[in-house]
Ligand SMILES: NC(=O)c1ccc[n+]([C@@H]2O[C@H](COP(=O)([O-])OP(=O)(O)OC[C@H]3O[C@@H](n4cnc5c(N)ncnc54)[C@H](OP(=O)(O)O)[C@@H]3O)[C@@H](O)[C@H]2O)c1
């Protein structure tokens, strides 16, 4: 199984896991487009990866943007949707609408992409969604994330029944060392991730490249469909 000479779009490719997927896929000889909500950041990141990677602007919370973006695309083989955030907080604080923002990005954002992209995809192509450990092991305060990751993983199953000749899979990362944690944990990042690592069977936090290699596998194996690959060091079992 190889993944080469394909057209791959990474939604949320400006950082972390998405950026690693773009780097790995482009090193394998694929034509890769990455997106960020911020066009200059998309372009700068694409340039830093090299290999002819292209950077474009896309916010999957905005349906008209998603539709316009895919109207201009054709011949897509694979789409990886990394786009997402985590919001920590109690179930009672703040407005529900605000709380559900990250859930909406993951579920509605992913559905917007699928609906708009299908007509621009080659038969035999695939989508890979991003779930996460909080589906199996809810994390205190991260209840919205647990809802979002579960919905992304379920998308990979229900859509298999809806669209022939296109595969749908998901990757479910455990704690992964990416800039997302810099934003959430700030100066506590190092100590919190060290505590998490100590409790994992593998005694280490996953790297974005380890998650990215699972995404590449899901794209490259033409018979894997409706699957969720966990890259969590066994964290969901302990
Ligand atoms: N890191 C972990 O431990 C972990 C664990 C489980 C699941 N996950 C999930 O894995 C995915 C990637 O995580 P990461 O750690 O690599 O995060 P990250 O470094 O913060 O990257 C998130 C990416 O998503 C993009 N993005 C966010 N909202 C978007 C929107 N509405 N439309 C389009 N793009 C959007 C960001 O782009 P811009 O900000 O440039 O627009 C960025 O490229 C996320 O969905 C995250 O929740 C991460």
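The values are calculated or read from the model by the stated rules, or taken from the named source; none is laboratory data. Bear in mind the structure is a predicted one, so any value in this text is a computation, not a measurement. Using ideal geometry, Cβ is built from the backbone for each residue, glycine included, and neighbour counts are taken over all protein chains shown.
A few notes on this one:
- When residue 168 is tested against the conditions (1) within 14 Å of the ligand (Cβ to nearest atom); (2) in contact with a helix residue (DSSP H, G or I) (Cβ under 7 Å, 6 or more places away or on another chain); (3) within 23 Å of residue 150 (Cβ to Cβ), the lone failure is (1).
- Residue 82 under 25 Å from residue 145 (Cβ atoms) and either in contact with a strand residue (DSSP E or B) (Cβ under 7 Å, 6 or more places away or on another chain) or in contact (Cβ under 8 Å) with a residue 24 or more places away in the chain (or both): yes
- Number of the condition not met by residue 184 [criteria: (1) crowded, with 18+ Cβ neighbours inside 10 Å; (2) at pLDDT below 95]: (1)
- Flag for residue 224 being touching a helix residue (DSSP H, G or I) at 6+ places or on another chain (Cβ under 9 Å) and over 23 Å from residue 142 (Cα atoms): yes
- Of the criteria (1) near the ligand (Cβ under 10 Å from one of its atoms); (2) free of Cβ contacts under 8 Å to residues at least 40 places away in the same chain, which one residue 26 fails: (1)
- From 41, 34, 11, 49, residue being over 16 Å from the mean Cα position of the chain (by Cα) and within 12 Å of the ligand (Cβ to nearest atom): 41
- Residue 126 being at pLDDT 95 or above and not in a helix (DSSP H, G or I): yes
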